[in-house]
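A.B. asks: Once you've had a glance at the structure underneath, I'll fire off some questions.
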Amino acid sequence: MTDVAAPPTTYQLYIAGRWVDAVDGRTFDSVNPADTRDVVGRFQAGGPADVAMATRAADTASAAWRATPAPKRGELLYRFGALLADNKERVARAMTREMGKVLAEARGDVQEGIDIAFLMAGEGRRMFGDTVPSELPDKWAMSIRQPIGVAGIVTPWNFPVAIPCWKLMPALVAGNTVVFKPASDAPLCATLVVELLEQAGFPPGVVNLVTGTGADVGDAIVDSPDIPVISFTGSSATGKAIAERAGRRLKRLSLELGGKNAVVVLRDADLDLAVDGILWSAFGTTGQRCTACSRVVADRAIAEELVARLETRASRLRLGSGLDETVEVGPLVNAAAVEKVERYVEIGRGEGELVTGGATVRDGDLAHGHFFAPTIFTGVEPMRRIAQEEIFGPVLSVIPVDGYDEAISAANGVRYGLSASIFSRDVNTAFRAMRDLDAGIVYVNAGTTGAETHLPFGGWKETGNGHREAGHAALDTFTEWKSIYVDYSGKLQRAQIDNQ
Ligand code: UN1
């Protein structure tokens, strides 16, 4: 165990290329959710004055950064990606200690950051616009992307390296400067990312880090007249509040919010494969992914057998500190998360049959952590609260249905639409489901998690507001389009009139 008596390291804000304390000198601690006696670090509780300084720094750096050729900006992203790769193990271990996900998944999280850094570095030499024929002779028509200005980046704790990188990399390669506010449950991961950005050689003011609460730092970013674009990942409630405030200023806003992702298992499915996919996507990251599977929509013909197999496997999953490589399920992130899961399990007891789990785990070494047993309810009707509301924990509802049509309508019958999956051996059924599932990401014969960085990531309905992260779609959030016409005919040519 870590020496509990040692004072925690104090970390600072990063503004205009300097590490500084928050103006009013307040701090907060980040603690290990697997053992809350272990303080991971002490961080600055920033506020509006710090955001104002960071915004000024970003604004000042903007002119030179947008004038830097995009391939040169891309080279810095490459350098950052390489540094992150060199530091993968160190950053992954810090992540597990800070927010609890097991080490293998923490390494995957860092890898996702490396992947998007390299992908977006390449955008420095692409960043395609269109060059198209004009309807008039001797006239040139094309479109280019240009940076928007200062981007406000507000990120969650559950992918504390990957998600910041999903936002930072496209923002930066496109020529924006950044004010970055990470979640208060994962400020160390954010600090490590920013340290590596500094080492990579991003000029002072291009990236600024302000830690602190949503009320103190997040709101100041959202309300700042000098931050015209915001990218946020988090809860739907916070996303809606941000949308209202940002809407008043007509800001560009990309939201990636909740999910209630379903795995559909039809009667012709490979059940062993389905069980593997469901367990991984329901209980991996302790269910704390936007993409986590929280509903299994199972054909009644195989539902009982499926639930029996899930129960056997789920009840054997090994809980503990993610730093122990034999552990399969880490803790929930904090006490509030445990309370929320407990509340939903209580609701679930009146809505379905508890198959396994359903309680916190405090045995032995786990006594000081936020552990909750992988939990399965079955016999849940599709409109019940545990089948409708995002729990963000290791709680799975099995919803029995009769046949394909009922399965699709249950899968689609929620207000979210991030990811969805179907297990079937019939290629025709699989193609129908690819068409019929209302979700931004669809998997066939795999669980609901595991999106790769070179395809668009995001959801339909209340999962977002129509924007996408990752893939080249990510550039849409952080660029303005400019359409350019060059008339080299030497005379007045009127579009829509002179060519009729
Ligand atoms: C998230 O939970 O917000 O597809 C991101 C996945 C990961 C990203 C999840 N690549 O599960």
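The values are calculated or read from the model by the stated rules, or taken from the named source; none is laboratory data. Because the structure is predicted, anything quoted here is derived from the model rather than measured. All Cβ positions, glycine included, derive from the backbone under ideal geometry; neighbour counts span all protein chains shown.
A.B. asks: Are any residues in the stretch 409-428 away from the ligand (no atom under 12 Å from the Cβ) and crowded, with 18+ Cβ neighbours inside 10 Å, and if so, which ones? Please lay out each step first, then the result.
C.D. replies: In the first step, residues of the stretch 409-428 are kept if they are away from the ligand (no atom under 12 Å from the Cβ); the result is 409-417, 420, 422-428.
Those that are away from the ligand (no atom under 12 Å from the Cβ) and crowded, with 18+ Cβ neighbours inside 10 Å: Ala410, Ala411, Asn412, Val414, Tyr416, Gly417, Ala420, Ile422, Phe423, Ser424.
A.B. asks: Does at least one position in the stretch 315-329 carry a residue that is modelled with pLDDT of 95 or more and farther than 25 Å from His368 by Cα?
C.D. replies: No, the conditions are met nowhere in the stretch 315-329.
Listed here are the residues, each with its yes/no results for (1) polar (S, T, N, Q); (2) in contact with a Phe, Trp or Tyr (Cβ under 6 Å, 6 or more places away or on another chain); (3) more than 30 Å from Asp268 (Cα to Cα).
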residue: Ile347; (1), (2), (3): no, no, yes
residue: Gly352; (1), (2), (3): no, yes, no
residue: Thr356; (1), (2), (3): yes, no, no
residue: Met383; (1), (2), (3): no, no, no
residue: Ile391; (1), (2), (3): no, yes, no
residue: Leu396; (1), (2), (3): no, no, no
residue: Glu406; (1), (2), (3): no, no, no
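A.B. asks: A follow-up question, please. For Arg425, only one of the following conditions fails: (1) part of a loop (DSSP other than H, G, I, E, B); (2) in contact with a strand residue (DSSP E or B) (Cβ under 9 Å, 6 or more places away or on another chain); (3) closer than 24 Å to Glu304 by Cβ. What is its number?
C.D. replies: Going through the list (1) part of a loop (DSSP other than H, G, I, E, B); (2) in contact with a strand residue (DSSP E or B) (Cβ under 9 Å, 6 or more places away or on another chain); (3) closer than 24 Å to Glu304 by Cβ, Arg425 breaks only (2).
A.B. asks: Looking only at strands (runs of 3 or more DSSP E) that lie completely in the stretch 99-168, which have at least 2 residues being in contact with a Gly (Cβ under 9 Å, 6 or more places away or on another chain)? Lay out the reasoning, then the answer.
C.D. replies: On the way: elements: 131-133, 139-147, 150-154.
Answer list for the stretch 99-168: 139-147, 150-154.
A.B. asks: Sort out which residues of the stretch 136-165 are among the small types (Gly, Ala, Ser) and within 12 Å of the ligand (Cβ to nearest atom), and write them in order of number.
C.D. replies: At the first step, the residues of the stretch 136-165 found to be among the small types (Gly, Ala, Ser) are 141, 143, 149, 151-152, 162.
Across the stretch 136-165, the qualifying residue is only Ala162.
A.B. asks: Condition first: part of a loop (DSSP other than H, G, I, E, B) and among the hydroxyl-bearing types (Ser, Thr, Tyr). Now tell me which residues in the stretch 169-194 satisfy that.
C.D. replies: Ser184
A.B. asks: So, one more: Would you point out the residue of the stretch 195-219, among those that are small (Gly, Ala, Ser) and not in a helix (DSSP H, G or I), that is surrounded by the most Cβ atoms within 10 Å (Cβ to Cβ)?
C.D. replies: Going through the stretch 195-219, the residues small (Gly, Ala, Ser) turn out to be 200-201, 205, 212, 214-215, 218.
Those still in the list that are not in a helix (DSSP H, G or I) too: 201, 205, 212.
Numbers: Gly201: 12, Gly205: 23, Gly212: 26.
Across the stretch 195-219, the extreme among qualifying residues is Gly212.
A.B. asks: Considering only residues that are under 30 Å from Pro69 (Cβ atoms) and charged (D, E, K, R), look in the stretch 144-190 and name the one that is surrounded by the fewest Cβ atoms within 10 Å (Cβ to Cβ).
C.D. replies: If we take residues in the stretch 144-190 being under 30 Å from Pro69 (Cβ atoms) and charged (D, E, K, R), then Arg145 is surrounded by the fewest Cβ atoms within 10 Å (Cβ to Cβ).
A.B. asks: Considering only the stretch 451-462, state which residues are within 11 Å of the ligand (Cβ to nearest atom) and either buried (at least 18 other Cβ atoms within 10 Å of the Cβ) or at pLDDT below 95 (or both). Can you show your working first?
C.D. replies: The first filter runs over the stretch 451-462 and keeps only residues within 11 Å of the ligand (Cβ to nearest atom), leaving 451-453, 455, 457-459.
Once the filter is applied, which keeps residues that are within 11 Å of the ligand (Cβ to nearest atom) and either buried (at least 18 other Cβ atoms within 10 Å of the Cβ) or at pLDDT below 95 (or both), the stretch 451-462 yields Ala451, Thr453, Phe457, Gly458, Gly459.
A.B. asks: Moving on to the next point. Those residues that are over 18 Å from Trp460 (Cβ atoms) and under 21 Å from the mean Cα position of the chain (by Cα), I need them from the stretch 377-415; list them, please.
C.D. replies: Scanning the stretch 377-415 gives Ile391, Phe392, Gly393, Pro394, Val395, Leu396.
A.B. asks: While we're looking at this one, here's another question. Does the stretch 95-108 contain any residue that is under 24 Å from the mean Cα position of the chain (by Cα), within 16 Å of the ligand (Cβ to nearest atom) and surrounded by fewer than 17 Cβ atoms within 10 Å (Cβ to Cβ)?
C.D. replies: Within the stretch 95-108, the first condition is being under 24 Å from the mean Cα position of the chain (by Cα), and the residues that meet it are 95-108.
Still in the list and also within 16 Å of the ligand (Cβ to nearest atom): 95, 99-102, 104-108.
Imposing the further condition that a residue be surrounded by fewer than 17 Cβ atoms within 10 Å (Cβ to Cβ) reduces the set to 104.
Yes - at least one qualifying residue is present in the stretch 95-108.
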